[in-house]
Structures are given as structure tokens and as C-alpha cells.
Amino acid sequence: MSETILVTGAAGQLGQRVIHHLIENYRVAPANIVAATRSPEKLATLAAKGVITRKADFDDAASLEAAFAGVDRLLIISTDALDTPGKRLTQHKAAVAAAVKAGVKHIAYTSMPSPDNSLVTFAPDHLGTENAIKESDIPYAIVRDAWYHDNYLHSMPHNLQAGKWFTSAGDGKISTISRDDCALAIASVLAAGSTGIYTLTGKQSLTPKEIAAIATEATGKPLDVVPVNDEQLGQGMRGAGLPGFVADMLVSADANIRAGKFDIVTDDFTRLTGREPQTLKDYFVANKAALSA
Ligand SMILES: NC(=O)c1ccc[n+]([C@@H]2O[C@H](COP(=O)([O-])OP(=O)(O)OC[C@H]3O[C@@H](n4cnc5c(N)ncnc54)[C@H](OP(=O)(O)O)[C@@H]3O)[C@@H](O)[C@H]2O)c1
């Protein structure tokens, strides 16, 4: 394969794993990979392997055309700029516009499940970006990543310590997948130049009670699910010191689960990679120490 693949957000956790899988699993030559980031100095290890490193900051729209020059396939990793409404969409649109100007031949983008039918606060960013990509007329792959298993490493250690998990998700179900599996499937899309819309999920959709039982099984720690409403959940999170926009986002995610909008299971991961996704149980067992911390 001689196409040049550029990965934005290459210093982030997902970007690092995508590049790892491109090299190790899909045998893409490091010289055909451009790792683009706001902080190229963080990519010395990749540069030492022969990966090309470049600066790319979506907030500096004027610089992006040069950053994407000579690139055949571009992965736009959605940014983490959630604190200012609308900022992320502006950033992503700048990347798409630069891709058009630079003559990029294929765009892949990390979206979320059903952004057109979602209660999650950041869904409009993803929907707007998907639409901008479709309107660009560049062949594309939208890769809609489900909620990461990894997100539970933020909340579950505290829940398990307290023995209580406050949630407004009710008996709604969610299917989650590991960040690393998302990276593997995205690398497969980039290596093959696949087009279309893919939704990466696990094989099971689980209620909070089922997830709590898995956490207990993995750690040996009891965990009661405590149902609360959205307002109570938001107040509790703000009281615990979470910034308002983070609390609002997490409450909206619980509301989305309660409404059944994250109850989506596909086999897209297996179709792309030929593998089974890591189950939540296996993920919790592998991360028992972090969950029990
Ligand atoms: N599905 C899920 O459950 C889930 C969970 C968390 C996040 N996400 C989304 O997936 C993305 C990647 O996840 P992650 O786990 O790798 O998160 P992360 O490690 O926090 O990475 C944040 C990413 O945002 C990029 N970024 C921030 N500002 C940018 C800018 N101005 N221009 C270009 N890139 C910018 C960073 O790139 P550099 O630092 O390299 O510049 C980095 O790749 C997140 O940014 C978020 O949109 C999804």
C-alpha cells in the first residue's frame, strides 16, 4: 500500500492506538503514516519508528491545508473541546474544508451512534461534522464509536468504594466497546480505504444493574444501583465538583440510555476486523486494579 494516511489528534489516546494498529496489525509502513497533533514534541517515539510527524491544530484553520498536503487518506479524530458549545463543530469543519483544499481522497471521522437521534449534549457536533463530510464530496467512512468501556474507569472506582452507583439511566441498556477495539477497527478502515457508515459496539447491551453485577464479579466489591432523576444526578455531580458542562453531558448520556437510544448492537467491529470485540467483563477483569483503586 503506498497511500499516505494522516491521523489527527495523534498524541491522544485513540490516535496513539490507531497508529499502533496501522503499523502492527495492518502492516502499513511507518513512512506512509503522518501523525498530526498540536504537540509534535510528544511524538518522538513515533518519529523514531519512521512515522512522519506534523503540527495540526484545528483552531489554526489557515495552517491545515499545508498540514494535510500530499495526504491520500485522512482520519479526523473528534476533539475534546466540549466546554464551549459549537467550538468542536467549528474545529471539525475547518479540518474538512482543509481536506478539500489539500485534495485529500478519503476522509474517516470518529462519530457517535445515531447522532441524528440523540439526547447527548454533544450529538449536534457529530451530526454537523458528518454532514460537512458528506457535503465535501470526498469519499468517506463515518466510524460511530459507542461509549468506551474505558469511560467506566473514571466513575466506577468511586462507585465501588462507596458501594453505590447513582444513575438516571433506569433500566435502559447500553452497548459499550473498548477504546482499543475502536482504534483497531478505525485502522482497518484506513488501511483498506473502506467507505460507508460503521457503528462500533460490543455484542451485548446491558442495564446499569447488569453492568454493576459485572463490576462486582470482576472486583469482588458489592455495588448497589441507586435510581435518581436527571436533576438529582446533575446536582450530585456538580456537588462533587464536576464542571457544569461535564455534569450536563453525563446526565444527557444517562437520559439517552434511559430512552433506549444507546441500545444499539452491530457486528460492524467484526466485519471490519475479523475479531470479536472485548467484552465489558473481560475489560473489567483486565482493569481490576484500576477499578479497585
Ligand atoms: N466514545 C467515547 O466513549 C468517547 C470517550 C471519550 C472521548 N471520545 C471522543 O473521541 C476522541 C478521542 O478520544 P481519546 O480517548 O483519544 O481522547 P483524548 O486522549 O482526551 O484526546 C483528545 C483528542 O482531541 C484532540 N484535539 C484537542 N484539541 C484539538 C485541536 N484544537 N485540534 C486538533 N485536535 C485536537 C487531541 O489531539 P492532540 O492532543 O494530538 O493535538 C486528542 O487526539 C475525543 O477527543 C472525543 O471526541 C469518545
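Some points to look at:
- Relative contact order of the chain, defined on C-alpha pairs under 8 angstrom at six or more residues apart (%): 18
- Proximal lysines relative to residue 101, as straight alpha-carbon distance under 27 Å, when same-chain residues fewer than 8 apart are discounted: 55, 87, 93, 134
- When both region 55-114 and region 129-190 are represented by their alpha-carbon centers, they are found 20 Å apart.
- Neighbour counts of C-beta atoms inside 10 Å place 96, 226 in the sequence 226, 96, starting with the fewest.
- Annotation: aspartates and glutamates with alpha-carbon distance below 18 angstrom to residue 105 (same-chain offsets under eight excluded): 3, 65, 72, 130, 135, 137.
- Farthest positive-ward along region 152-223 dipole, Cα basis, beta-carbon charges - from 200, 218, 186: 218
- For region 73-225, DSSP calls about 5 percent of its internal beta bridges antiparallel.
- Taking the DSSP beta bridges with both ends in the chain, the antiparallel portion is around 5 percent.
- Of the residues 56, 148, 259, the one whose Cα sits farthest towards the positive end of the charge dipole of the chain is 56 (charges of +1 on Lys and Arg Cβ, -1 on Asp and Glu Cβ, taken about the Cα centre).
- Region 177-280, dipole about Cα centre (Lys/Arg Cβ +1, Asp/Glu Cβ -1), debye to the nearest 20: 120
- Taking every DSSP helix (H) stretch of at least 4 residues in the chain, weighting each as -39,500 (n - 2.57) and dividing the sum by the residue count yields a mean residue ellipticity at 222 nm of -13000 deg cm²/dmol.
- By the count of other C-beta atoms within 10 Å, a proxy for reagent exposure, 105, 281 are ordered fewest to most as 105, 281.
- Candidate cross-link partners of residue 173 among the lysines, defined by an alpha-carbon separation under 19 Å and a same-chain spacing of 8 or more, comprise 164, 203, 209, 261, 281.
- Entry note, region 1-107: relative contact order of 28 percent, from Cα contacts under 8 Å with a spacing of 6+ residues.
- Net charge dipole size for region 102-198 [Lys, Arg +1 and Asp, Glu -1 on Cβ; Debye, nearest 20]: 160
Each value in this text was obtained by applying a stated rule to the coordinates, not by laboratory testing. For clarity, every value in this text was computed on a predicted model and none was experimentally measured. Ideal geometry is used to build each Cβ from the backbone, glycine not excepted, and the neighbour counts take in all protein chains shown.
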